[in-house]
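Colleague: Before I ask anything, let me first share the structure, which is written out below as structure tokens.
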Amino acid sequence: MSCPNGYILAVEGLAKICIPNPNLYKRDDGVYEPSWAPVFYNPRMVENRDICVALLKTDSGDAAIVDPLAATGVRGIRIALEANLPKGVAIYMSDLSLAAIKIMEHNVKLNNLEEYITIVHADANELIYRLAKREGIALGYIDVDPFGSPAPFIHTAIDSVKRYGIVALTATDLAVLGGRYRVKLFRRYGVAGTKVLQSRDVAIRVLLSFVAKVAAIYDRYIEPLLSYAMSHYVRVYVRVYRGGMKASEILNNCLGALWSCTKCSYSYMHQIDGVVEKAIHCPVCGEKLEPIYPIWICPTANREYLEKLLKTANEMYWLRENSRKLLENIYRTSTLNTLSTRLTHIAKAIKTNVPSIQSVVDCLIQKGFIAAKSYTYSDGIATNASINEIIECVKSRTPKV
Ligand SMILES: C[S@@+](CC[C@H](N)C(=O)[O-])C[C@H]1O[C@@H](n2cnc3c(N)ncnc32)[C@H](O)[C@@H]1O
């Protein structure tokens, strides 16, 4: 079976997919621009899909799976081929674009999956609500992978997923989530704040706070299973539970404020109604700290869950090395519920040269703390050590010139 005009055959994971010919949609600088193609396919999202498939291979019940913004259908097709789903699990895919529906149908046939995948030409919210509310189908996994912000689909997904089901969200509006546009951050996510030196870490916590607030409206609450920031996007996987009282408890315990220094990256988080005894000026460099609130201050991943996921990913030889590495890096810092401390900025603030990041991590571990290189910033560390301990290590490991 060949591809229609304007499409070429690509292999991703175990799937064969007809994708728009990237040579036809190149910018002046020669880089492929997926949003110019008639149907969206982004090769920079392979890791995103690798991890999604590994997660479903680790943890799929027998309830239906929904990929409501499916474009070429690559995600749903890979799930069907690679996740080893229990027999009879239905997969639904939809898209608003007719061109997407056509190529999706072609791709489903190409992989002989007509029996397992149902394609619907519909709006994502419409499909999810119809399946859950009108047809009474139990939805175990909903994958929201839109252009930009997932916010317009979060109410529907959270309200429709079954008890203990999983909602996965991709957000490519990293600049908004990370605080670069203060007004839009407040308008879209109800969070007040600005861009700080750990804006990628902040983006994850802003998105989780929004999801937790939406869940509470429906007397539901969330547990983040895995969250990460990579290249131009944030991805979170949350398990959704039912219970109004518990939802209130989660809001009290897990929504809080972050204070961060935009000069040296010193930061701390506290519960929203917690008494703040700490200074609002940075103890390292004296700069005024910037508040961001309400953001998610509880762990952003579940370590035991990650352990199982990593084991599955390691057995899936066809996944990208990068995908496994990313999971390992997230796992390394998963006992630490902190933001990255960025050593180039700390070193500058204390007027010293920058030591090797690993040497500071080793120094903190020798002192008995938990410490690891951050995966979000190449000059960042995650640790449970105090800022004074970090500074001592920075000073002791700085190369003398
Ligand atoms: C980022 S692409 C999805 C990529 C795909 N999930 C993948 O892994 O390759 C977003 C898709 O959502 C579709 N879309 C946008 N708004 C929609 C809506 N309200 N309902 C359904 N599909 C929509 C677009 O046509 C586009 O194909």
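Colleague: Just a yes or no: is a residue in the range 118-134 under 28 Å from Arg320 (Cα atoms) and touching a residue at least 60 places away in the same chain (Cβ under 8 Å)?
Modeller: no
One line per residue, one yes/no per condition, for (1) crowded, with 20+ Cβ neighbours inside 10 Å; (2) over 21 Å from Ser323 (Cα atoms); (3) more than 9 Å from the ligand (Cβ to nearest atom):
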| site | (1), (2), (3) |
| --- | --- |
| Pro20 | yes, yes, yes |
| Tyr32 | no, yes, yes |
| Trp36 | no, yes, yes |
| Met45 | yes, no, no |
| Arg49 | yes, no, no |
| Ala54 | yes, no, yes |
| Ala71 | yes, yes, no |
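Yes/no matrix, rows are residues, columns are (1) within 26 Å of Ala168 (Cα to Cα); (2) touching a residue at least 24 places away in the same chain (Cβ under 8 Å):
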{"site": "Ile280", "(1), (2)": "no, no"}
{"site": "Leu309", "(1), (2)": "yes, yes"}
{"site": "Leu343", "(1), (2)": "no, yes"}
{"site": "Ala349", "(1), (2)": "no, yes"}
{"site": "Gly368", "(1), (2)": "no, no"}
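Colleague: Just name the residue that is nearest to the chain's Cα centre (by Cα) out of those in the range 122-137 that are over 25 Å from Ala99 (Cβ atoms) and surrounded by fewer than 16 Cβ atoms within 10 Å (Cβ to Cβ).
Modeller: Looking at residues that are over 25 Å from Ala99 (Cβ atoms) and surrounded by fewer than 16 Cβ atoms within 10 Å (Cβ to Cβ), I get Lys133.
Colleague: If you don't mind, there's one more thing I want to ask. So, in the range 281-328, of the ones that are surrounded by 17 or more Cβ atoms within 10 Å (Cβ to Cβ) and out of contact with any helix residue (DSSP H, G or I) (no Cβ under 9 Å at 6 or more places or on another chain), which residue ends up modelled with the highest pLDDT?
Modeller: The residue in question is Asn302.
Colleague: Hey, any hits in the range 111-126 for a residue that's near the ligand (Cβ under 9 Å from one of its atoms), in contact with a Phe, Trp or Tyr (Cβ under 8 Å, 6 or more places away or on another chain) and not hydrophobic (A, V, I, L, M, F, W, C)?
Modeller: The answer is yes; a qualifying residue exists.
Colleague: Filter the range 1-22 for residues that are over 29 Å from the mean Cα position of the chain (by Cα) and hydrophobic (A, V, I, L, M, F, W, C) and give the result.
Modeller: Hits for the range 1-22 are Met1, Cys3, Ile8.
Colleague: Give the number of residues within the range 165-217 that are of a type in the set (Asp, Glu) and farther than 22 Å from Tyr266 by Cβ.
Modeller: Looking only at that region, the number is 1.
The values are calculated or read from the model by the stated rules, or taken from the named source; none is laboratory data. Here the structure is a predicted model, which means the values were calculated and not measured. Every residue, glycine as well, gets a Cβ built from its backbone with ideal geometry; the counts of neighbours run over all protein chains shown.
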